[in-house]
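Scroll down for the structure; my scribbles are underneath it.
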Amino acid sequence: PWIAGVYTLYRYRGRGIAKALITQLEEEARRLGFKEIFLKAGSAAGYYPTIGYLQQDKVEDSESASGQETFFRKPL
């Protein structure tokens with residue numbers, strides 16, 4: 001499964017909203033029997049390793065605000 005579309009408005013960041021959403025998605029994936037989960041990130045790529053995600057690849061992306069997309073996976 002892939003986590004997609006998680007975005008927290010700047011004024012609400014730092015309150016644990018994204019982490020709570022991601023934790024719920026991980027729990028549901030575990031419940032469904034998945035052993036790992038995936039996501040891609042642009043400017044927030046530095047956040048995901050802090051919650052256990054492992055970087056798998058990074059590609060240039062002229063349409064991303066950061067100019068690149070980073071792909072992650074996390075064992076469940």
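Across the range 10-33, which residue is nearest to the chain's Cα centre (by Cα) among those that are of a type outside the set (Ser, Thr, Tyr) and farther than 18 Å from residue 52 by Cα? In this case the residue turns out to be 13.
Of everything listed in (1) of a type outside the set (Asp, Glu); (2) touching a residue at least 12 places away in the same chain (Cβ under 8 Å); (3) closer than 14 Å to residue 75 by Cα; (4) outside any loop (DSSP other than H, G, I, E, B), the single unmet condition for residue 34 is (4).
Looking only at residues that are among the hydroxyl-bearing types (Ser, Thr, Tyr) and either under 11 Å from residue 71 (Cα atoms) or modelled with pLDDT of 95 or more (or both) in the range 22-49, which one is surrounded by the fewest Cβ atoms within 10 Å (Cβ to Cβ)?
Filtering the range 22-49 for residues that are among the hydroxyl-bearing types (Ser, Thr, Tyr) and either under 11 Å from residue 71 (Cα atoms) or modelled with pLDDT of 95 or more (or both), the one surrounded by the fewest Cβ atoms within 10 Å (Cβ to Cβ) comes out as 23.
Among the candidates 19, 74, 58, the residue that is closer than 17 Å to residue 4 by Cα, in contact with a strand residue (DSSP E or B) (Cβ under 6 Å, 6 or more places away or on another chain) and either modelled with pLDDT under 95 or open to solvent by 60 Å² or more (accessible area, probe 1.4 Å) (or both) is uniquely 58. Checked against (1) in contact with a Leu (Cβ under 6 Å, 6 or more places away or on another chain); (2) open to solvent by 60 Å² or more (accessible area, probe 1.4 Å), residue 7 meets all criteria but (1).
Based on what the data block shows, is residue 63 among the acidic types (Asp, Glu) and either outside any strand (DSSP E or B) or open to solvent by 80 Å² or more (accessible area, probe 1.4 Å) (or both)?
Values: among the acidic types (Asp, Glu): yes; either outside any strand (DSSP E or B) or open to solvent by 80 Å² or more (accessible area, probe 1.4 Å) (or both): yes.
Yes: the conditions hold for residue 63.
The values are calculated or read from the model by the stated rules, or taken from the named source; none is laboratory data. Predicted model only: the values in this text are computed from it and were never measured. Methodologically, a virtual Cβ is constructed for each residue, glycine included, from the backbone with ideal geometry; neighbour enumeration extends over all protein chains shown. Just so you know, the surface numbers come from the protein's heavy atoms only, side chains and all, with ligands and any DNA or RNA stripped out. Shrake-Rupley method; radii C 1.70, N 1.55, O 1.52, S 1.80 Å.
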